[in-house]
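The values are calculated or read from the model by the stated rules, or taken from the named source; none is laboratory data. Just so you know, these numbers come straight off a predicted model, no measurement behind them. Virtual Cβ from ideal backbone geometry, glycine too; neighbours counted across all protein chains shown.
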Amino acid sequence: MKIHSIVIALIAVGTLAACTDASDPTPEPTATPSPSATAAPYAVPEIGAGEIARVTFDEAAAPESGEIIISGAIADDGAVRVDGDCDGSEVGFRVITAAVDGAGETLLEGSIPCGVAEPDPFSYTVDYSGPAQIMLTDTDGSTKGWVRLSAEAN
């Protein structure tokens with residue numbers, strides 16, 4: 001997507017340059033990189049095999065600012081992993097039960113550091129099997145992020 005945008009921008013600049021009178025002394029604008037230009041790339045991954053639940057947020061996209069998806073269940077062994085990313089320093093999460101007969105019980109909670117190129121997921125074992133939901137508990141300093149709960153590969 002980024003390369004596609006750059007190619008379109010270069011074509012537009014080339015077209016404008018071909019149409020501009022060479023005798024026009026209009027100064028060219030100077031570009032200065034913004035601080036976010038050096039930040040680690042941020043991307044929400046596609047839903048993958050073993051994913052149980054995810055939560056996303058994006059304050060700039062409000063009111064369509066995020067979603068909570070439950071796409072699986074915690075297996076009988078209770079082995080799960082949590083990973084995520086954001087554009088701040090960290091994002092807090094809580095995993096709760098989502099079964100109709102016992103929804104809302106906290107299974108685990110913690111925080112994920114953000115901007116790590118290849119973060120190691122956090123592995124946990126919970127005393128529960130069934131559907132679960134992941135929620136954000138702290139997004140201070142971040143304007144967008146995601147956290148997902150997946151089955152731990154054994």
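Quick look at the numbers
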quantity	calculated
Pick from region 86-133, criterion assigned to a loop (DSSP other than H, G, I, E, B) and of a type in the set (S, T, N, Q), ranking: nearest to the chain's Cα centre (by Cα)	SER89
Any hit, region 85-98, residues being farther than 19 Å from ALA60 by Cα and either touching a helix residue (DSSP H, G or I) at 6+ places or on another chain (Cβ under 7 Å) or of a type in the set (Ser, Thr, Tyr) (or both)	yes
Output for region 43-69, where each listed residue is aliphatic (A, V, I, L, M), touching a residue at least 12 places away in the same chain (Cβ under 8 Å) and either buried (at least 17 other Cβ atoms within 10 Å of the Cβ) or closer than 13 Å to ALA151 by Cα (or both)	ILE47, ILE52, ALA53, VAL55
Sole exception among (1) touching a Pro at 6+ places or on another chain (Cβ under 8 Å); (2) more than 19 Å from ILE68 (Cα to Cα) for ASP83, by number	(2)
Filter result (at pLDDT 75 or above, assigned to a loop (DSSP other than H, G, I, E, B), among the β-branched types (Val, Ile, Thr) and out of contact with any Asp or Glu (no Cβ under 9 Å at 6 or more places or on another chain)) within region 22-72	ILE47
Tally, over region 93-115, of residues that are loosely packed, with under 12 Cβ neighbours inside 10 Å and among the β-branched types (Val, Ile, Thr)	2
